[in-house]
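K.L.:
Below you will find the structure I want to go over with you.
The values are calculated or read from the model by the stated rules, or taken from the named source; none is laboratory data. Just so it is clear, the model here is predicted, and its values are computed rather than measured. Please note: Cβ atoms are built from the backbone with ideal geometry, for glycine as well, and neighbour counts cover all protein chains shown.
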Amino acid sequence: MSMREPGLCVVDVEKGELRGATNRYTKTMGDLAGLYEDEAAYQAVLAELGDKVVYEVTDYKPSADAGDMIIGVTRMIPGKVGREYFLTRGHIHANPNRPEMYYGESGHGIMLLESPAGEIRTVEIGPRSLCYVPPYWIHRSVNVGSTDLVMTFAYPADSGQDYDIIAKAGGMRSRIVDDGKGGWTAVDNAGYRFRAKELVDSIMAR
Ligand SMILES: O=P(O)(O)OC[C@H]1O[C@H](O)[C@H](O)[C@@H](O)[C@@H]1O
Ligand SMILES: [Fe+2]
């Protein structure tokens, strides 16, 4: 690795972005086709939101070198598709043994995690919560609040993102839905298919 200059960015909690970021990544509802359980509700929300940004990431990426680090901010608007709260696409790191941390800035979120073998964990994130995503866990954030969910994150620069792992399993094993009392609950995803043991073993060997 070569010497690099120190950096400084400022987390703008109100805007839900990182001032001084080198990249911006945005998703509209149209980019999230096939992720929600209720297709009719998805079409209705899509028609309502059009090209509105549903979540965005602003990050500072000095390099993609092993040992370097990416820092950034993610912001997701509140809402539901049917009973299901707004979510990010979700991924496992392409180098699956890389971790991540998320720090709650504002709003109320859930980090939904799934191991390659299909175990599920949920971590509730509010302001000043620091969530540790260990190596090998598939992760997706969900906004279960009524305001923007804003989180700061950091992860190794050579992590990468693999989205196929979720798509091939028919989604994540659980969905985060309205519990009917203004809160949230995790329910089974009826379309979920467990990964073959050989695939789980090969991921865990990396
Ligand atoms: O990549 P997605 O699953 O769409 O999630 C959006 C973003 O979530 C987090 O903030 C990660 O640190 C980003 O690297 C990722 O791109
Ligand atoms: Fe990640």
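K.L.:
Looking at this structure, is R89 at negative phi, within 11 Å of ligand 1 (Cβ to nearest atom), part of a loop (DSSP other than H, G, I, E, B) and modelled with pLDDT of 95 or more?
P.N.:
So R89 fits the description; yes.
K.L.:
What are the residue pairs meeting all of these: first residue in segment 108-123, first residue in contact (Cβ under 8 Å) with a residue 60 or more places away in the chain, second residue in a loop (DSSP other than H, G, I, E, B) and among the hydroxyl-bearing types (S, T, Y), Cβ atoms under 7 Å, and 6 or more apart or on different chains?
P.N.:
P116/Y136
K.L.:
Taking the residues in segment 131-160 that are away from ligand 1 (no atom under 11 Å from the Cβ) and of a type in the set (F, W, Y) as candidates, determine which candidate is nearest to I71 (Cα to Cα).
P.N.:
Y132
K.L.:
For L32, indicate whether it is on the phi < 0 side of the Ramachandran plot and more than 20 Å from the chain's Cα centre (by Cα).
P.N.:
no
K.L.:
Additional query: Give the residue that is farthest from ligand 2 (Cβ to nearest atom), with candidates limited to residues of segment 133-174 that are surrounded by fewer than 18 Cβ atoms within 10 Å (Cβ to Cβ) and of a type in the set (D, E).
P.N.:
D164
K.L.:
Name every residue in segment 92-109 that is surrounded by 23 or more Cβ atoms within 10 Å (Cβ to Cβ) and either part of a strand (DSSP E or B) or touching a Cys at 6+ places or on another chain (Cβ under 7 Å) (or both), in order of residue number.
P.N.:
Result: I92, E105, G109.
K.L.:
While we're on this one: Quick one: in segment 110-129, which of the residues that are more than 20 Å from Y55 (Cβ to Cβ) and not polar (S, T, N, Q) is surrounded by the fewest Cβ atoms within 10 Å (Cβ to Cβ)?
P.N.:
R128
K.L.:
Within segment 170-189, is there a residue that is touching a Phe, Trp or Tyr at 6+ places or on another chain (Cβ under 9 Å) and more than 26 Å from E56 (Cβ to Cβ)?
P.N.:
Yes, the conditions are met somewhere in segment 170-189.
K.L.:
Here is a follow-up. Pairs only if they're at least six apart or on different chains, beta carbon under 6 angstrom, first in segment 187-199 and within 16 Å of R83 (Cβ to Cβ), second modelled with pLDDT of 95 or more and surrounded by 13 or more Cβ atoms within 10 Å (Cβ to Cβ); list them, first residue then second.
P.N.:
V187/R175; V187/V177; N189/G171; N189/R173; N189/R175; G191/G170; G191/G171
K.L.:
Consider E124 carefully, then state whether it is part of a strand (DSSP E or B), more than 14 Å from the chain's Cα centre (by Cα) and either within 26 Å of S202 (Cα to Cα) or acidic (D, E) (or both).
P.N.:
no
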